[in-house]
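A.B. asks: Below is a structure I'd like to ask you about.
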Amino acid sequence: MSPSSTMPLVSIVDVRKKFGDFQALDSVSLDVRAGEVLCIIGASGSGKTTLLRCVNQLVTIDSGAIWVGGELTGWRIDGTKLHALPEKEIARQRLSTGMVFQRFNLFPHMTALENIIEGPVQVQKRNRAEVVREAEALLARVGLADKAGSYPANLSGGQQQRVAIARALAMKPKLMLFDEPTSALDPELVGEVLAAMKELAASGMTMIVVTHELGFAREVADRVVYMDRGAIVEQGAAAEVLGNPQEPRLRAFLSAVLS
């Protein structure tokens, strides 16, 4: 397997993953173009989060291949043989991908600004003054210019999640992954996080978003993928998938979610 010259930013090829007897991913293949916003929907346990974690190499796939930015992730090809990459190389590859989780995972002993600059300064060894300026701009971008000196305990859940988005962006990733970023929030805080994500999508960032926010998917996604039992069941333009579903399983899922 080798990438073609016209390879999209993300190419997932026949990926399978089992946890014990549970088939979490079953021959999943998916391409994501640079600048595309892809939303993945489906019931709990359908494989959505596992797929994101495989792309970011937090979970090791059993078979298949994933390319990000034209680079095979997790493996080095030597002729006809594959060699697993050492952890240092995997960490380097992972830098091209930013991930925002359900939980905010901010360092409680650091201010919002300190949380954002930690990775660029400590991992990427970039100039601190330059990183601070960029972090302040990122905080302004997510509507938190006045919260640079605030600690996570003094921020709402929505504000913490927006700091987490800014922290991921500070590493200058090619790709952003969002795993149900609003699921842990009180309903009145969801809108502020979705607004930050909409702005990010409008800027041209490539995004793969696992979400149950169908309104967001309909408005922002270029494409929607529906997963069930570890497989992609239906995919296409957001208006088509959400407005005119073809598969009975997808129709049943949408009916349950929207009822």
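The values are calculated or read from the model by the stated rules, or taken from the named source; none is laboratory data. Everything numeric in this text was worked out from a predicted model, so none of it was measured. FYI the Cβ positions are ideal-geometry reconstructions off the backbone, even for glycines, and counts take in every protein chain you see. Each accessible area value is taken on the protein alone, full model and side chains, heavy atoms only, with ligands, DNA and RNA left out. Shrake-Rupley method; radii C 1.70, N 1.55, O 1.52, S 1.80 Å.
A.B. asks: So what is the relative contact order for segment 1-92, in percent, with contacts set as C-alpha pairs under 8 Å and at least six apart?
C.D. replies: 30
A.B. asks: Per the 1.4 Å probe, what fraction of the accessible area of the chain, in percent, lies on carbon and sulfur atoms?
C.D. replies: Answer for the chain is 50 percent, counting heavy atoms of protein chains only.
A.B. asks: Which value, in Å², gives the accessible area per residue of segment 40-119 when a 1.4 Å probe is used on the protein heavy atoms? Walk me through the numbers before you get to the answer.
C.D. replies: Details: 3850 Å² over 80 residues.
In whole numbers, segment 40-119 has 48 Å² accessible per residue.
A.B. asks: Quick one: dipole size for the chain, taken about the Cα centre, charges +1 on Lys/Arg Cβ and -1 on Asp/Glu Cβ, in debye to the nearest 20.
C.D. replies: The calculation lands at about 600 debye.
A.B. asks: Answer with one residue from 123, 105, 246: the one whose Cα lies farthest towards the positive end of the charge dipole of the chain, charges on Cβ with Lys, Arg +1 and Asp, Glu -1.
C.D. replies: It is 123, whose Cα lies furthest towards the positive end.
A.B. asks: Taking the dipole about the Cα centre of segment 26-92, with the C-beta of Lys and Arg at +1 and of Asp and Glu at -1, give me whichever of 46, 86, 28 is farthest to the positive side.
C.D. replies: Positive-most Cα among the choices belongs to 86.
A.B. asks: Along each of the three principal axes of the Cα atoms of segment 218-259, give the extent in whole Å, ordering the values from largest to smallest.
C.D. replies: 24, 24, 15
A.B. asks: Mind putting a number on the dipole of segment 62-131 about its Cα centre? Charges go on the C-beta only, +1 for Lys and Arg and -1 for Asp and Glu, and I need it in Debye to the nearest 20. Walk me through the numbers on the way to the answer.
C.D. replies: Values: 9 positive and 8 negative charges, 22 e Å.
The dipole of segment 62-131 has a size of about 100 debye.
A.B. asks: While we're looking at this one, here's another question. What ranking of 146, 228 comes out by heavy-atom accessible area, probe 1.4 Å, highest first?
C.D. replies: Descending order: 146, 228.
A.B. asks: Which whole-number percentage describes the relative contact order of the chain, with Cα contacts under 8 Å and a sequence gap of 6 or more? Present the calculation step by step, with values, prior to reporting the outcome.
C.D. replies: On the way: 457 pairs, mean separation 65.6, N = 259.
That works out to 25 percent.
A.B. asks: Have a look at 134, 213, 247 and tell me which one the Gaussian network model of the chain (Cα, springs below 10 Å) gives the largest fluctuation.
C.D. replies: Maximum fluctuation in the GNM of the chain, among the listed residues, is at 247.
A.B. asks: Moving on to the next point. What area, in nm² and to one decimal, does the C-alpha convex hull of segment 46-90 cast on average over all directions?
C.D. replies: On the way: hull surface 14.4 nm².
If I average the Cα hull's projected area over directions, I get 3.6 nm².
A.B. asks: I need the peptides 172-184, 58-70 ranked by packing, meaning the mean over residues of other C-beta atoms within 10 angstrom, with the highest value on top.
C.D. replies: Working: 172-184: 19.8, 58-70: 17.3.
Packing proxy ranking, top to bottom: 172-184, 58-70.
A.B. asks: Considering the options 75, 154, 9, tell which one lies farthest towards the positive end of the dipole of the chain, charges being +1 on Lys and Arg and -1 on Asp and Glu at the Cβ, about the Cα centre.
C.D. replies: Of 75, 154, 9, it is 75.
A.B. asks: Using the Kirkwood formula on the Cα atoms of the chain, what hydrodynamic radius do you get, in angstrom to one decimal? Present the calculation step by step, with values, prior to reporting the outcome.
C.D. replies: On the way: mean 1/r = 0.0522 Å⁻¹.
This gives a value of 19.1 Å.
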